[in-house]
């Protein structure tokens with residue numbers, strides 16, 4: 001296969017991947033915190049949002065659940081999510 005066909009295919013694939021990573025879909029009654037280069041940038045509301053790929057990243061949130069267990073023990077469960085459900089806050 002000649003190089004004239006390979007270069008446009010590679011550029012096309014990179015463009016599709018960049019567009020796919022630039023779309024951030026947030027479900028209804030949820031929100032996403034965006035960090036730009038490691039610092040807080042903005043909070044995305046529900047709907048289709050556009051972010052800059054490779055620069056903007058959704059911040060993972062760590063939730064800690066403490067539950068009373070059997071025999072008086074305390075159970076602690078950690079979860080890591082990127083979407084915050086507004087009904088739980």
Applying the selection to segment 47-70, what residues are in contact with a helix residue (DSSP H, G or I) (Cβ under 9 Å, 6 or more places away or on another chain) and outside any strand (DSSP E or B)? 51, 52, 53, 54
Residue 33 being in a strand (DSSP E or B), touching a residue at least 40 places away in the same chain (Cβ under 8 Å) and either out of contact with any helix residue (DSSP H, G or I) (no Cβ under 8 Å at 6 or more places or on another chain) or loosely packed, with under 10 Cβ neighbours inside 10 Å (or both): yes
If I filter segment 62-81 for residues that are surrounded by 10 or more Cβ atoms within 10 Å (Cβ to Cβ), under 14 Å from the mean Cα position of the chain (by Cα) and modelled with pLDDT under 90, do I get at least one hit? yes
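The values are calculated or read from the model by the stated rules, or taken from the named source; none is laboratory data. What you see is a predicted model, and the numbers here were worked out from it, not measured in a lab. Methodologically, a virtual Cβ is constructed for each residue, glycine included, from the backbone with ideal geometry; neighbour enumeration extends over all protein chains shown.
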